[in-house]
Amino acid sequence: MVAKELIETRWKAIVCALLALVLVVVSAATYDLFKSMLSGSGSQVPQFFQQQVQQFLGSYDLYVWGNWFAKNGAEILAVLAAVLGAGLIAGEVSKGTIFFLLGKPISRERVLLTKYAVSACVLLAVTILSSVALLVTAAIIRHPQPIGGVVLSTLLLWLGELFVLGMAQLFSVLFRDVLRPLLLALFITILVAVPGFFPNGGAWSLLSYWSSQAAYLGQAFPGKEFIICLLGAVLPLLLALLLFRKQAY
Amino acid sequence: MSDRERSLTATGSPSLLPANQQAAIDIRDLVVTYGAKRAVDGLTFTVPRGAIFGFLGPNGSGKTTTIKTLLGFRPPDKGSALVFGYDVVRQSLEVRARIGFVSETNSLYDFLTIPQLCAFCRSVSSQWDQQVVDRYLGLFGLPPREKVGRLSKGMKSQLALSLAMGSNPDLLILDEPTAGLDPLARHAFLNTLVSEVAASGKTIFFSSHILSEVEAVATWVAIIREGKLVLCDELDHLKQSRSVVKLTYVDLPKASDIEVLRRLPEVMSLAQEGRSVRLVTRGDVESLTQALRAHPYALREVEVVDLNLEDLFLEYMKESRHGREGTH
């Protein structure tokens, strides 16, 4: 069953991994370019914008974290998680293969958990690959990154993706087409990220826990972040399990 | 087996087959609803072990819903269903371990090759015999390494049957297995079903609305309409107990004569076309034809012909409709 799930998800994972690799390399390699562009532009750039960019380009570590773990990486991997999760059950239902699958002598829990586990592993592989690419690129351009910070941020980012995967899987159990679970999972993901855009709203934004700046910079061990991300990952999965057990087809 | 033991009709008389040990499927007062609609409405019947059981009914009559309930896809609202004595709700895994299922849509994983699909089935089956699958694949002449998505609809049906046999099931449930197949593919499928699967002693439960194919292979039939059982009986017994009597009159028969015929207790239905009258009868056809021949002045010919399943199906459909209208 694991092999079947891997074969089914391979193209989605490969395309997303390639896209993630390009983005992470660009994110990691463009720091010096941006910095030189900003210093060259001088007074042409408005004062307020200059301050913002200066803060962003203040250090390479901050730039890489902000570009990858807080933005591009979180976004693209969330989309991959939603795409993978939305198709897990709804994909089987829409193609009619759910009857072939559930007609076998395996429990629904095993079906759902196997599918979830394969998708979670695919996400972990893509996340680790991206982080390795980040470390290598940063080392090549002589801005070596803190391995501990990268490892902690990678794990947090993966747990964050598991929230998206779990939500998409939950909606995938409830709906019989792939589009609605995908859109709803992305909508919920945006919704839980929105409070972070408001002053002092970080504590209410799940995204701020996935992409903890303090964890990346090695300022503090992200225990609270791990607990919150873990809960965010587990709760939708448990709910999906409960619903799938009772769902009629 | 006595008539009472053999037959379980829409009147709801209980099956006298010895408890669940003898039955492959034992359904009692089953009710399955979709919202407010009762798709299956108080269904009760038994499928004996080793039978080739044709489950008939018009579209939307509840055949697929019954099968979904047996396989645990949809829980019943009331009643019970046992497969080899296992409850389909509480012991669903044990039930499915004994069932090979071929669905109406033959929805297999198109992105897998046949060996990959076999590996998948092996990983989710309690017992798997690849040699049996290979034998069936060879029997159907299926390309052994082909991608499932490249197979024709007929080939997919054959592959689905081969895979269902791989888990060595005691019961094969087929939901409209030949729907959409051309006559040649349908013939090959049914031929294998009878000569290979049934010959190995397995119970086959298959739904269909293609009456000729049911008649060709089934030993037992049940007819369902609007979720209710109309008839359940051994096919041979059913055909022996009902006949078609064709009467040809010298002149156009009088309306009063037709009314007399219609009221005879043996006559289930009557259809008139000019000087010809067609009676579907039950019970002792010999005494009926003798009584009819006792009035030779009006009759030119009396002919008794075997009833085919299509006649029977249509009669029962009419009968149940009239019965329903009569109750209004």
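The values are calculated or read from the model by the stated rules, or taken from the named source; none is laboratory data. Keep in mind it's a predicted model, so treat the numbers as computed, not measured. Counting neighbours? That spans all protein chains shown, and the Cβs are built from the backbone with ideal geometry, glycine included.
Annotations for the structure displayed:
- Here B:S152 meets the list (1) more than 14 Å from chain A (Cβ to nearest Cβ); (2) surrounded by 18 or more Cβ atoms within 10 Å (Cβ to Cβ) almost entirely, failing just condition (2).
- Residues in region A:102-145 that are over 27 Å from B:L163 (Cβ atoms) and among the polar types (S, T, N, Q) were compared, and the one that is surrounded by the most Cβ atoms within 10 Å (Cβ to Cβ) is A:S130.
- Hey, B:L163 at pLDDT 95 or above, at the interface with chain A (Cβ under 9 Å from one of its Cβ atoms) and either crowded, with 19+ Cβ neighbours inside 10 Å or closer than 23 Å to A:S94 by Cα (or both) or not: no
- Across region B:69-115, the qualifying residues are those that are free of Cβ contacts under 8 Å to residues at least 12 places away in the same chain and at the interface with chain A (Cβ under 7 Å from one of its Cβ atoms), and the one among them that is surrounded by the most Cβ atoms within 10 Å (Cβ to Cβ) is B:F73.
- Restricted to helices (runs of 4 or more DSSP H) entirely inside region A:164-249, those with at least 3 residues that are farther than 20 Å from A:L123 by Cα and at pLDDT 95 or above are A:223-246.
- Residue in region B:167-189 that is in a helix (DSSP H, G or I) and modelled with pLDDT of 85 or more present: no
- Unmet requirement for A:G96, which otherwise passes all of (1) modelled with pLDDT under 95; (2) out of contact with any strand residue (DSSP E or B) (no Cβ under 7 Å at 6 or more places or on another chain); (3) on the phi < 0 side of the Ramachandran plot: (3)
- Any hit, region B:271-289, residues being buried (at least 20 other Cβ atoms within 10 Å of the Cβ), farther than 30 Å from B:A188 by Cα, polar (S, T, N, Q) and not assigned by TED's automatic domain parsing to the domain that holds B:F55: yes
- Any chance B:R90 is under 21 Å from the mean Cα position of the chain (by Cα) and within 29 Å of A:F244 (Cα to Cα): no
- Hits in region B:32-68 - residues which are in contact with a helix residue (DSSP H, G or I) (Cβ under 7 Å, 6 or more places away or on another chain) and within 14 Å of chain A (Cβ to nearest Cβ): B:V32, B:A39, B:V40
- Filter result (of a type in the set (V, I, T) and farther than 14 Å from A:S212 by Cα) within region A:126-160: A:V126, A:T127, A:I128, A:V132, A:V136, A:T137, A:I140, A:I141, A:I147
- Hits in region A:78-94 (condition: surrounded by fewer than 24 Cβ atoms within 10 Å (Cβ to Cβ) and within 10 Å of the chain's Cα centre (by Cα)): A:V79
- Counted residues, region A:100-139 - those being more than 14 Å from chain B (Cβ to nearest Cβ) and β-branched (V, I, T): 7
- As a summary of the residue check, B:R4 satisfies the conditions (1) out of contact with any strand residue (DSSP E or B) (no Cβ under 9 Å at 6 or more places or on another chain); (2) at pLDDT 95 or above except for the one numbered (2).
- Lone unmet requirement of (1) more than 10 Å from every other protein chain (Cβ to nearest Cβ); (2) in contact with a helix residue (DSSP H, G or I) (Cβ under 8 Å, 6 or more places away or on another chain) for A:E75: (2)
- Per-region count, region A:1-35, residues within 11 Å of chain B (Cβ to nearest Cβ) and surrounded by 16 or more Cβ atoms within 10 Å (Cβ to Cβ): 5
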